[in-house]
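Here is the structure we will look at.
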Amino acid sequence: MIPVKGYAAQNAKAPLTPYSFERREVGKNDVLIDIHYCGICHSDIHQIKDEWGGSLFPMVPGHEIIGVVSQTGSSVSKFKVGDRVGVGCFVDSCRQCDNCHEGMEQFCDGGMTLTYNNRDRKTGDLVQGGYSTKIVVDENYVLRIPENLPMDAAAPLLCAGITLYSPLRHWNIGPGKKVGILGLGGLGHMGVKLAHAMGAEVTVLSHSLNKEADGRRMGADHFYATSDPQTFQKLNSYFDLIVCTVSAKIDWNEYMQLLKRDGTMVVVGIPEESIPINAFSMIARRRSLAGSLIGGIKETQEMLDFCGKHNIVSDIELIPIEQVNEAYERVVRSDVRYRFVIDIGSLS
């Protein structure tokens, strides 16, 4: 077994504290990754607080992992020692169902094996995430990081990046399309950058105009405050696609009215409460309400290559791991522009 240092929550009410544990030995298809950076996702907070239910403890969070390969198994062909690599939200899947065969492992019929807060599908052992010094992952679930991207700012691409890239690609966003990004946070700011690079007209819909300068710097063509009722009058039937990144309870029916005929609003934020939708919000102009969940391995690599081509990374605040609990509090207060990344070197 491989000794590892990390930070873990021991129960749902506990702060993250230093935690030593072991990774499995490197199998023939595995790579051992020395972790350099790991992003903080809001879902990390939801899971250590057991806000979604079913949390497993002790829990080492983290699924925006960037590092360097330090050892490879005997049958590994995709990576070599020294390669810059990433690990996202899952580390395995059944590999047998249609979704897995079609490169959409996130929809695996047997359930993807999450990078943490899950059990290894072969051994049943608790799997632990990226707030740690090393991780062992099957090469088929490891991503290659473009050489031109800084490793720290690239870490959030493994979740925030693919979460926005996948719906933009699926709904064929490009020149001539009008895209609304609802919420300019860790997810939303990636949506602005990606949609802009795809050639779309990008509008940010934010509660206030406080972040307008940031939004325009990232590529937004327009910026509107949703607290202003005139926004909904001016933008009625305007967008081809709205990507809703907010997890607060808002009236989705209001935003559906901003879609053109055959337009779609895609939900990627996860509200804690159910939100009712009126049938008339959809049938009046054949509008659609849809959801999207990260992306498969092939699409995530495509996203990373796209970001490498266009020099897209996340806006980050780099912190030592000792500040992780404070960072969690700030994420809950939306007091970060726009993603925290942990310097895992601070564990040493």
Check: Using the Karplus equation 6.51 cos²θ - 1.76 cosθ + 1.60 (θ = phi - 60°), what ³J(HN,Hα) coupling, rounded to whole Hz, does each residue of segment 225-232 give in order, writing x for Gly and Pro?
Finding: 8, 6, 6, 9, x, 5, 4, 6
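Figure the gain on full extension for K249 and A213 (residue separation times 0.36 nm, minus the Cα-Cα span) and round it to one decimal in nm. Mind showing how you got there, number by number?
Details: separation 36, 0.36 × 36 = 12.96 nm, distance 2.57 nm.
Stretched out fully, the K249 to A213 stretch lengthens by 10.4 nm.
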Margin query: With a cut-off of 8 Å between alpha carbons and a minimum separation of six or more residues, what is the relative contact order of the chain in percent?
Written below: 18
Notebook entry, point to check: Once you treat every alpha carbon in segment 240-348 as an equal point and sum by Debye, what is log10 I(q)/I(0) at q = 0.14 Å⁻¹?
Noted result: -0.82
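Express the Stokes-Einstein translational diffusion coefficient of segment 90-203 in µm² s⁻¹, to the nearest whole number, given a Kirkwood radius over alpha-carbon pairs, 25 °C and a viscosity of 0.890 mPa s.
Values: Rh = 16.2 Å.
D = 152 µm²/s.
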Checklist line | the chain - charge dipole about Cα centre, Lys and Arg +1 at Cβ, Asp and Glu -1, debye rounded to 20 | finding: 640
Check: What residues have an amide H closer than 5 Å to that of T113, excluding those fewer than 5 places away on the same chain, when H is modeled at 1.01 Å from N in the peptide plane?
Finding: V91, D92, S93
Next item on the list: For V266, list long-range residues whose amide hydrogen, built 1.01 Å from N in the peptide plane, is under 5 Å from its own amide hydrogen.
Entry: I242, V243, C244, A290
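Tell me, rounded to the nearest percent, the portion of alpha carbon pairs in segment 161-291 spaced more than 21 Å apart. Numbers along the way, then the final one.
Working: 2750 of 8515 pairs.
Of all Cα-Cα pairs in segment 161-291, 32 percent lie more than 21 Å apart.
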Note to self: Need one number: convex hull volume per residue for the chain, Cα atoms only, in Å³.
What the structure shows: 132
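Rank these residues by their accessible area, most exposed first, probe 1.4 Å: T123, T245, T17.
Accessible-area ranking of T123, T245, T17, largest first: T123, T17, T245.
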Notebook entry, point to check: Counting only residues 5 or more places away or on other chains, whose amide H sits under 5 Å from the amide H of R23 once H atoms are built in the peptide plane?
Noted result: I2, V4
Next item on the list: Starting at the first residue of segment 234-246, write each ³J(HN,Hα) from the Karplus equation 6.51 cos²θ - 1.76 cosθ + 1.60 with θ = phi - 60°, in whole Hz, x for Gly and Pro.
Entry: 5, 9, 4, 6, 9, 9, 7, 8, 10, 10, 8, 9, 7
Note to self: Bins of 10 Å, beginning at zero and ending with the bin holding the largest distance: percent of Cα pairs per bin for segment 1-140, please.
What the structure shows: 12, 42, 36, 10, 0
Item checked: Cα-Cα over 29 Å, subset of K211/K298; K80/K298; K13/K80; K122/K309; K178/K211 -> K211/K298; K13/K80; K122/K309
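Taking the Cα centre of segment 161-291 as origin, sum charge times position over the Cβ atoms of Lys and Arg (+1) and Asp and Glu (-1), and report the length of that vector in debye to the nearest 20.
Values: 14 positive and 11 negative charges, 83 e Å.
The dipole magnitude comes to about 400 debye.
Based on DSSP, what percent of beta bridges with both residues in the chain are antiparallel, to the nearest 5? Walk me through the intermediate numbers first.
Details: 34 of 61 bridges.
DSSP beta bridges in the chain are roughly 55 percent antiparallel.
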Item checked: Integer Hz, Karplus 6.51/-1.76/1.60 couplings in order for segment 265-271, x for Gly and Pro -> 10, 10, 9, 10, x, 10, x
Item checked: Accessible surface, per residue, of segment 161-291 when the full set of protein chains is kept, probe 1.4 Å, Å² -> 44
Note to self: Between segment 285-320 and segment 104-126, what is the separation of their alpha carbon centroids in Å?
What the structure shows: 21
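The values are calculated or read from the model by the stated rules, or taken from the named source; none is laboratory data. What you see is a predicted model; the values in this text were computed from it and never measured. As a convention, Cβ positions derive from the backbone with ideal geometry for all residues, glycine included, and neighbour counts pool all protein chains shown. Just the protein is used for accessible areas: all its heavy atoms, side chains included, with ligands, DNA and RNA removed. Shrake-Rupley method; radii C 1.70, N 1.55, O 1.52, S 1.80 Å.
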